[in-house]
């Protein structure tokens, strides 16, 4: 490798990663502390671009890149697996992601036990990976698959989920499917199973056990699958919530890459509110003195904070509520009682609505804020009959 090519390769090691180019990392030299890095092989198209620029990568670099050992590989990041019965589709809860990820059924093949990857490259998106497979790249077969960046680039995922490609996830999917085939509960909408296989939770989207890390993945081999079992860990006791006449329907699975309704909201409307109730306190003077006259409704697309993710999540939750038939939906307006009967405070819940003859107030909080409890106390004091839902959205 020429001195110019070596300089260009080492320069790329220091550059920030991007989805348009492969990420390369240099190893610390003698006398320096070592660091843990991920090594990604460029796709054939990216290799062509590098060759056109006079950069020839060493063959040994390709052998070091194993997507299964990547810290973003979905089979290492997943903590729980669920299935939406009403619409169909698998739901993955992954470490570091605030919301679950939908995997459509047509991307899952639980009967595929032997397969080989097209190569060790991680393509920028699913379309690029499928295009390379369709083009009949080197080594492509009917059972081939490829890796790509999914969930808006947060995860490394295969084009098909199966025992051969994601063994931990596939094992959990099979357990969930077995449990669903044995149940006769007609009101069952969602099933969750911890990856350790220790307990099945019905009608719950969160409060699941985090799986212990898998053993270190072996070196890349097309014929070899990822092996190893996560040690079992006792599940937490599910918290009993207030009873509800009927559980809310499970949300329709969103398109891949889009947000799903807030898990805490879905739980609360299913009668299992994860927010612990608090006792009412004396109302603040400004709330007690407020006029009971109900103000007009403002547009529902108004923001609730400076956080783009919270504002986006709010709009997804509103669409979910509209699909359930919730009424009197208001955003960032002064607190009202059920059916907008009267105004009871000058405070402004992020979201409030009526569902099945009950008033709900929702607060979207950040992990570091810590103001949710004070908001809940004030909302409860103004309307003890209302149900309060606290959601953590970064």
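What to note about this one:
- Lone unmet requirement of (1) assigned to a strand (DSSP E or B); (2) modelled with pLDDT under 85 for residue 93: (2)
- Look at (1) buried (at least 20 other Cβ atoms within 10 Å of the Cβ); (2) in a loop (DSSP other than H, G, I, E, B); (3) at pLDDT below 90 and you find that residue 115 fails only one, number (3).
- Boolean, residue 357 is in a loop (DSSP other than H, G, I, E, B), touching a residue at least 12 places away in the same chain (Cβ under 8 Å) and not assigned by TED's automatic domain parsing to the domain that holds residue 99: yes
- Filter result for the condition that a residue is surrounded by 19 or more Cβ atoms within 10 Å (Cβ to Cβ), at pLDDT 95 or above and in contact with a strand residue (DSSP E or B) (Cβ under 9 Å, 6 or more places away or on another chain), over 329, 388, 318: 388
The values are calculated or read from the model by the stated rules, or taken from the named source; none is laboratory data. Quick caveat, the model's predicted, so the values are computed rather than measured. Cβ coordinates were reconstructed from backbone atoms using ideal geometry, including for glycine residues, and neighbour counts include every protein chain displayed.
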